[in-house]
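Chemist: Before I ask anything, let me first share the structure, which is written out below as C-alpha cells.
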Amino acid sequence: MSLSPYELALKEIQSGQTDIMPSDVLAFSEPLRSAVNAMIRLGRFSLTEFTEKINFTREETKNVADALVKRKLFEVASYSNEQETFYLAHLSGSTRPLTRPPSDIWKKID
C-alpha cells in the first residue's frame, strides 16, 4: 500500500537520528521539500504559512513542524501564542559548538 504524502513526509523526517541540515532537505519528497525550502528562506514563519505551502491539514502540518523542531531544523518562537504558533528556521540544524583550530595549525599545514 502506498503512503499518503503526509505519512511519507513524517517517515522521512523521523527516519534519521541526527539534526537535519538544510542540505538534507534536498532528499525529501514533494511537497515537503518545497515547503521546507520556502520556510528556511523566510527564516520566521507561522504555522498558517507553512500549512498553505505544504497543503496538509493544519493538524498534519503541526505534526510535521513538531518533528522538524525535534530534529532541530525549526525552533518554536518565544512570541507564539494560543492563536498562532511561530517558528524560526535555522540556517544550520547543527547546534554543536564550534571549536577554535589549534594554534599550531599552520605548522601542520606547511
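The values are calculated or read from the model by the stated rules, or taken from the named source; none is laboratory data. Nothing here was measured: the structure is a model prediction, and the numbers come from that model. Cβ sites come from the backbone with ideal geometry, for glycine too, and all protein chains shown count toward neighbours. Calculation scope for accessible area: heavy atoms of the full protein, side chains included, ligands and nucleic acids excluded. Shrake-Rupley method; radii C 1.70, N 1.55, O 1.52, S 1.80 Å.
Chemist: With a 1.4 Å probe and all protein chains left in place, how much of the accessible area of segment 1-73 comes from carbon and sulfur atoms, in whole percent? Intermediate values should be presented prior to the final figure.
Modeler: Details: 2180 of 4210 Å².
C and S atoms contribute 52 percent here.
Chemist: Shifting gears a bit: Once the piece of chain linking GLU7 and VAL76 is laid out straight, how much longer is it, given 0.36 nm per residue of separation minus the C-alpha distance between them?
Modeler: Value of the extension gain: 22.6 nm.
Chemist: Rank ARG44, ARG71 by accessible area, highest first, at a 1.4 Å probe radius?
Modeler: Numbers: ARG44 165, ARG71 30 Å².
Solvent-accessible surface, decreasing: ARG44, ARG71.
Chemist: Would segment 1-98 count as rounded, prolate or oblate if I go by the C-alpha gyration tensor, calling it rounded below 1.5 in a/c and otherwise prolate when a/b exceeds b/c, oblate otherwise?
Modeler: It is oblate, given that a/c is not under 1.5 and a/b is not larger than b/c.
Chemist: Another question about this same structure. Please compute the per residue accessible area over segment 13-87 with all protein chains in place, 1.4 Å probe, rounded to a whole number of Å². Before the final figure, lay out each step's value.
Modeler: On the way: 4230 Å² over 75 residues.
So segment 13-87 comes to 56 Å² accessible per residue, rounded to a whole number.
Chemist: Right, here's the next one. Counting only other residues whose beta carbon sits under 14 Å from that of VAL25, what net charge do I get with K and R as +1, D and E as -1? Provide the component values of the computation, followed by the final result.
Modeler: Working: positive: ARG33, ARG41, LYS53, ARG71, LYS72; negative: GLU12, ASP19, ASP24, GLU30.
Computed value for this residue: +1.
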